[in-house]
Amino acid sequence: MNKTRLTFWVATGIIFLFEGIMPALTGHTEMAKEGVMHLGYPDYFRVFLNIMKVAGALTLILPFAPARLKEWAYAGFTFSLLAATFSHYMVDGPQGQTFFPLVILGILMASYWAFRKGGPQAA
């Protein structure tokens with residue numbers, strides 16, 4: 001496996017865990033509900049966001065998903081992670097949780113770079 005494919009699968013696997021598996025398993029918990037309410041969002045937004053995260057994560061991880069759909073998933077995750085950083089900053093100020101979405105964004109950028117270099121097509 002070449003370096004680009006390895007980068008794609010490792011980075012995309014991490015994104016799949018953080019943006020697909022975790023929301024699917026924990027998005028309905030009281031802690032998740034309280035977290036969304038703490039940021040000032042309505043509960044229906046939490047449900048919608050979880051559905052979109054799981055759909056986007058599946059789109060990125062499935063090799064047969066159309067490239068244009070993957071581009072939309074990357075864009076959606078980028079907006080979501082930037083909005084999460086901004087929301088946490090505006091409500092809680094600069095704390096660890098404020099900037100954690102930027103770490104995930106960096107991993108997403110690595111996945112996107114490898115995707116553009118042809119990573120998943122060689123799978």
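The values are calculated or read from the model by the stated rules, or taken from the named source; none is laboratory data. Predicted model only: the values in this text are computed from it and were never measured. So basically every Cβ, Gly included, is an ideal-geometry build from the backbone, and we count neighbours across all protein chains shown.
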Open item on the list: I'd like the full set of residues that are surrounded by fewer than 16 Cβ atoms within 10 Å (Cβ to Cβ), small (Gly, Ala, Ser) and within 20 Å of TRP72 (Cβ to Cβ), limited to segment 19-54.
Closed with: ALA24
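Looking at this structure, is THR59 of a type in the set (Ser, Thr, Tyr), at pLDDT below 95 and either on the phi < 0 side of the Ramachandran plot or in contact with a Ser or Thr (Cβ under 6 Å, 6 or more places away or on another chain) (or both)?
Values: of a type in the set (Ser, Thr, Tyr): yes; at pLDDT below 95: no; either on the phi < 0 side of the Ramachandran plot or in contact with a Ser or Thr (Cβ under 6 Å, 6 or more places away or on another chain) (or both): yes.
Considered against the rule, which asks whether it is of a type in the set (Ser, Thr, Tyr), at pLDDT below 95 and either on the phi < 0 side of the Ramachandran plot or in contact with a Ser or Thr (Cβ under 6 Å, 6 or more places away or on another chain) (or both), THR59 comes out as no.
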TODO: Count, please, the residues in segment 11-28 that happen to be touching a Gly at 6+ places or on another chain (Cβ under 9 Å) and hydroxyl-bearing (Ser, Thr, Tyr).
DONE: 1
Task: Search result, residues across segment 55-96 that are surrounded by 14 or more Cβ atoms within 10 Å (Cβ to Cβ) and more than 19 Å from GLY20 (Cα to Cα) - done: SER87, HIS88, TYR89
